[in-house]
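Below: the structure, in structure tokens.
The values are calculated or read from the model by the stated rules, or taken from the named source; none is laboratory data. Values in this document were obtained by computation on a predicted structure and should not be read as measured data. Counting neighbours? That spans all protein chains shown, and the Cβs are built from the backbone with ideal geometry, glycine included. SASA here: full protein model, heavy atoms, side chains in, ligands and nucleic acids out. Shrake-Rupley method; radii C 1.70, N 1.55, O 1.52, S 1.80 Å.
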Amino acid sequence: MLNLAKGLIALQDLSKADILSILTHARSFKQGLRKNTLEGKVIASCFFEASTRTRLSFESAVAYLGGKTIGFADSSATSQTNKGESFVDTLRMLNCYADGFIMRHPNDGAARLASEIMSIPVINAGDGANQHPTQTLLDLFSIQDSQGQLEEIHLGLMGDLKYSRTVHSLIDASKLFNMRLYLIAPAPLRIPSEDLIELKRHGISYSFHNSPEDVIDKLDCLYLTRLQKERFSSEIDCNYRINLELLAKAKPNLRILHPLPRLEELPTEIDNTPYAYYFEQARNGLFVRQALLDIIFGGYDGK
């Protein structure tokens, strides 16, 4: 039986069976399931770093499950920023006020620290360049929803593959489903060597490419990322983008994913093509986060 009573910090905390159970439950919510699992509960939603989709979809998920949220979307108005309160003291205070804690933080490992200090369930909504497990769950749900399966998908990852936490988490997930990876990025933004070592250890096939034109006709899904400029100081030349001419060479089942927000890598001219799936992907975040909260707070028995 799937047990997430302590929350979710990293994708590695889940088995393949756990992931598939969450995705199956998320599909029920997408098909119209309504529940009141969080009725009478208060969830702290605290974002020490900017967010739109993750924060709002989590808060919507809490509301749809009958709960209420407290918290902040701008840490500049907190005692930690203005009065020197320590991060640990902030966590201890929040532990007194809520039944669960959803947090985004700019520092790697902040969510794990919170889980060690707090007695309530903690959900990692992104910590630095480290992990973003709920984004990966909705990415997997979106691949499954658009392709009808997860096994042996030909997945292109394009753009900033070094600093994007969504990419790091999705690469971890690819090992569970024997995906074939096409890594499209300039040398300074390729995935870290430790990730490559793990891919090799799990027997996952991957290849490096300088242009999406090299592989567009092979892909089932193309996952784009923006430059994570907030995570590095030097200028990096990364003019990778897609266009209609490129998509003319794609397979009919190709779907384009993007965690958003987008920049020049994904022009608006793509929005009205059958390949565009990124807004539906964002919508899927609500269903996946409803499912996760329902499981964490005991509303799902895995059947």
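Does segment 22-32 contain at least one residue that is within 24 Å of S115 (Cα to Cα), outside any helix (DSSP H, G or I) and not aromatic (F, W, Y)?
No, segment 22-32 has no match at all.
Take the residues in segment 244-270 that are assigned to a loop (DSSP other than H, G, I, E, B) and charged (D, E, K, R); name whichever of them is least open to solvent (accessible area, probe 1.4 Å). Break it down stepwise before answering.
Residues of segment 244-270 assigned to a loop (DSSP other than H, G, I, E, B): 248-254, 258-267.
Next, only the ones that are charged (D, E, K, R) stay: 249, 251, 262, 264-265.
On the way: K249: 108, K251: 62, R262: 61, E264: 90, E265: 11 Å².
Here the residue is E265.
Yes or no, residue by residue, for (1) among the aliphatic types (A, V, I, L, M); (2) open to solvent by 10 Å² or more (accessible area, probe 1.4 Å); (3) out of contact with any His (no Cβ under 9 Å at 6 or more places or on another chain):
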position: K16; (1), (2), (3): no, yes, yes
position: L23; (1), (2), (3): yes, no, yes
position: L33; (1), (2), (3): yes, yes, no
position: E49; (1), (2), (3): no, yes, no
position: T52; (1), (2), (3): no, yes, yes
position: V62; (1), (2), (3): yes, no, yes
position: G100; (1), (2), (3): no, no, yes
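Go through (1) at pLDDT below 95; (2) surrounded by fewer than 23 Cβ atoms within 10 Å (Cβ to Cβ) for G126 and report which single condition fails.
Single failed check for G126: (2).
Report the residue count in segment 81-116 for those that are assigned to a helix (DSSP H, G or I), more than 19 Å from I70 (Cα to Cα) and at pLDDT 90 or above. So that I can check it myself, show each step before the final result.
Start the filter on segment 81-116 by keeping residues that are assigned to a helix (DSSP H, G or I), which leaves 81-82, 87-97, 110-116.
Retained after the next criterion (residues that are more than 19 Å from I70 (Cα to Cα)): 82, 110, 112-113, 116.
Okay, now just the ones that are also at pLDDT 90 or above, so 110, 112-113, 116.
Within segment 81-116, residues that are assigned to a helix (DSSP H, G or I), more than 19 Å from I70 (Cα to Cα) and at pLDDT 90 or above number 4.
Among residues belonging to segment 19-69 that are free of Cβ contacts under 8 Å to residues at least 60 places away in the same chain and charged (D, E, K, R), point out the one that is farthest from Y97 (Cα to Cα).
R34
Within segment 256-277, can you find the residues that are without any contact (Cβ under 8 Å) to a residue 40 or more places away in the chain and either closer than 30 Å to V122 by Cβ or in contact with a Cys (Cβ under 9 Å, 6 or more places away or on another chain) (or both)?
Correct list: I256, H258, R262.
Exactly one condition in (1) open to solvent by less than 60 Å² (accessible area, probe 1.4 Å); (2) within 22 Å of Q290 (Cα to Cα); (3) modelled with pLDDT of 95 or more is not met by F72; state its number.
Here F72 clears every test but (3).
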